[in-house]
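Every number here is computed from the coordinates shown, using simple stated rules; none is lab data. Remember, predicted model here, so these are calculated numbers, not experimental data. We place every Cβ from the backbone using ideal geometry, glycine too, and count neighbours over all the protein chains shown.
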Amino acid sequence: MLQKIAHTVRALTVDAVEAAQSGHPGLPLGMADVGALLYGKILRHDPTWPQWPDRDRVILSGGHGSMWLYSLLHLSGYDLPMEELKNFRQLGSATPGHPEYGDTPGVETTTGPLGQGMANAVGMALAERMLAARFNRPGYEIVGHYTYVIASDGDLMEGVVAEASSLAGHLGLGRLIVFYDDNQITIDGGTDLTFTEDVAKRYEAYGWHVLTVDGHDVAAVEEAVKAAQAETTRPSLIITKTKIGWGTPLEGTSKAHSDPMGPENIAALKAKIGWPEEPFYVPGEVREFFAARKEELVRQSQEWKERFEAWSRAYPELRAEWDKAFGLELPENLDEILPEFEPGEKVATRSAGGTVLQVLAKRMPYLVGGSADLHPSTKTFIEGGGVITRDDYSGRNIHFGVREHAMGAMLNGMQLHGGLRVFGSTFLVFSDYMRPTIRLAALMRQPVVFVFTHDSVYVGEDGPTHQPVEHAESLRLIPNVEVYRPADAVEAALAWVEALKRKDGPTVLLFTRQNVPVLEREEKVDLSRGAYVIKREKNPLSAVILASGSEVSLALEAAQKLEERGRGVRVVSVPNRELFLRQDAGYQEAVAPKGTPRLVIEAGVGAGWRGLAGESGRILSIERFGVSAPGAQAAAHLGLTVDRAVALVEEMLQAG
């Protein structure tokens, strides 16, 4: 039966790719036997309840082979009818070219960029262990599932996988099982062109449990899975030796990777496996097998429900915490529990953010996170929260090491898993390492919080390699990412609140290294609309200065000098520019009236601010890399001064 299931996957794959005249049939043909075993015998899941919290996760990291997953989800009884397979890669279908989280039931994460899926899976496996440590009690194991990964040669070549695999071995994630599709073929040709390392030894060095089997020998693969499940202190890599494009005349060649097979090759495959020529044919006995298996799987999930309800009665306080965690519930009156900061006090926004984090963490037990070896600098260590280790997963602080790529991808996986609210931190200049994961968090609408400190040239002596100039702007360009650059400690606290309120995408918090003054305010601070008036003009309005972050204090100083000259200058703090630009015209007009000369100030590139400055406005920005010098000297050298701001406003008014 498992062989028949494997052949069904192969036939559905070539038919769907041929119908679309697009797709990647090679991986599904080669890994069909592994897929048949997983979905036909191994997995604990429920097609009628795709969000079962304790289901086994399957991550197709080689997302180009998506028909492998779609075929198996369809056969298993997920809400993925045959019509969707026939519409493979077509507009609006539930079977896009690469698996997309939210589009297809049973798809656990968006995979496409190679390596991301496997690194997501490491995060999921860590989340499973953390939840088990928090909620399991003697006689009540309500968290105890596996995370399975299908990884390709391309996945294992990517740097993000090296980072994540190293940390997975260090943390001893024994419920992570990776099938490496070792078919020795990439798009360019054989792996001998570029990939000749000993993968088994590499993973043994990482601290993994490594097995090698014939990927087409189902009995051998099953024995390997049993051995992997029995290994509780190390993640397992099962190297499955397979033939790409199995059963076709293109078997074992790079041509089998991503091209439609064509009628002749499809006919040859179907003749080899004794299959009718009818497209999208599924044998009746395969349908019957999966119908029976579905009933069995539903019984398993129902047994878990009964165990979960018994646990809930025995531990009502834990159940309440579970519901809050999976619902991402926030404490009531969140704004009222924030620490207060005195005007005139000088506090780096990274330090203020750290102070706020401690307050929030005490009231949100499911808030967890870490840094890329920078806790002392980013101020993101939860005091008294404990540290995650291979011997104790009950902590709340994760030492990711110098692994920004893996940190971002693991955070996405942890958030996708559910039951935790996650954040990660590093310096803003290193957000470049994390851009793919931030983009995927936005695409999947995952509420990960990315904390980036050392947000401008005020970093100082470390020089241009560590002084972000274009980074804030580049993050604002990513759709569905909210970027907050708070002006002071008060805004930093409220930015954390806005980040935690958000449930439909990631939030980026940009904090200063240097101390900045806590600002005087004439009106209530409201970050929910992206910008607000922090100082109104004393004389008749003649100009508006808009600024973000630490430059708001510079703007206030410039406005004061201009007011002393009789100019009426309003100052607007813009912690979230894109959010402000989405507000109604009435609010925007009330904050920064049209037709009034505008100066924008930000310690970074200014291209994105032109819309707010207007064609006749001025932008005080930094259009070059930084310089090694104490922060204030570096900023002054680059033209970021009160006198320069005053001069630009005067230029506008004289030209006007």
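Couple of notes before you dig in:
- Couplings 3J(HN,Hα) for the stretch 247-264, derived from phi with the Karplus relation 6.51 cos²θ - 1.76 cosθ + 1.60 (θ = phi - 60°), are x, 10, x, 8, 3, x, 10, 5, 5, 7, 5, 9, 9, x, 6, x, x, 5 Hz, where x marks Gly and Pro.
- Packing here is the average count of other Cβ atoms within 10 Å per residue, and on that basis the peptides 243-252, 222-231, highest first, run 243-252, 222-231.
- Inter-label distance, nm, simple model (7 Å from Cα along the C-beta direction), Arg610/Phe625: 2.5
- Binning the C-alpha pair distances of the stretch 287-352 at 5 Å intervals from 0 yields a P(r) profile of 4, 12, 10, 11, 11, 9, 9, 8, 6, 6, 5, 4, 2, 1, 1 %, listed from the shortest bin outward.
- The chymotrypsin sites (Phe, Trp or Tyr not before Pro) of the stretch 561-656 that DSSP puts in a loop, and whose beta carbon has at most 15 other beta carbons within 10 Å, are Phe625.
- Contact order normalised by residue count of the stretch 529-655, Cα under 8 Å, 6+ apart, percent: 27
- Working from Cα pairs under 8 Å separated by at least six residues, relative contact order for the stretch 334-517 is 28 percent.
- Evaluated at q = 0.11, 0.14, 0.19 Å⁻¹, the base-10 log of the normalised Debye intensity for the stretch 18-119, with identical point scatterers placed on the Cα atoms, takes the values -0.29, -0.48, -0.94.
- The radius of gyration of the Cα set in the stretch 529-655, together with its Dmax, comes out at 13.9, 44 angstrom.
- Phi-based couplings in Hz for the stretch 365-381 (Karplus 6.51, -1.76, 1.60; Gly and Pro marked x): x, 8, 7, 9, x, x, 9, 8, 6, 9, 3, x, 8, 8, 6, 10, 8
- Taking only the C-alpha atoms of the stretch 334-517, the Rg (one decimal) and the largest Cα-Cα distance, Dmax (whole number), read 15.2, 46 Å.
- Residues in the stretch 382-394 carry Karplus couplings, in order, of 7, 5, x, x, x, 10, 5, 9, 5, 9, 8, 9, 7 Hz; the curve used is 6.51 cos²θ - 1.76 cosθ + 1.60 with θ = phi - 60°, and Gly or Pro positions show x.
- Amide H partners (placed H, <5 Å) of Thr212, local residues excluded: Ile239
- A straight Cα-to-Cα reach below 16 Å connects Lys535 with the aspartates and glutamates Asp488, Glu491, Glu520, Glu522, Glu523, Asp526, Glu551, Glu557, Glu563, Glu564, Glu589, residues fewer than 8 places away in its own chain not being considered.
- Take the Kirkwood radius over Cα pairs of the stretch 245-382, plug it into Stokes-Einstein at 25 °C and 0.890 mPa s, and you get 111 µm²/s for translational diffusion.
- The GluC sites (Glu not before Pro) of the stretch 315-355 that meet both conditions, a loop assignment by DSSP and at most 15 other Cβ atoms within 10 Å of the site Cβ, are Glu329, Glu332, Glu340, Glu345.
- The Stokes-Einstein estimate for the stretch 2-299, based on a Kirkwood radius over Cα pairs and taken at 25 °C with 0.890 mPa s viscosity, is a diffusion coefficient of 128 µm²/s.
- Entry for semi-axes √(5λ) of the Cα gyration tensor in Å (calculated from the structure that is shown) out of [x] 44, 32, 31; [y] 41, 37, 25; [z] 51, 27, 22: [z]
- Above-threshold pairs, the threshold being 21 Å between Cα atoms, out of Lys538/Lys561; Lys362/Lys501; Lys538/Lys594; Lys41/Lys201: Lys41/Lys201
- Between Lys305 and Thr194, the FRET efficiency from the beta-carbon distance, with R0 = 60 Å, is close to 0.80.
- Using the rule -39500 (n - 2.57) for each DSSP H run of four or more residues, divided by the residues of the chain, the 222 nm mean residue ellipticity is -13000 deg cm²/dmol.
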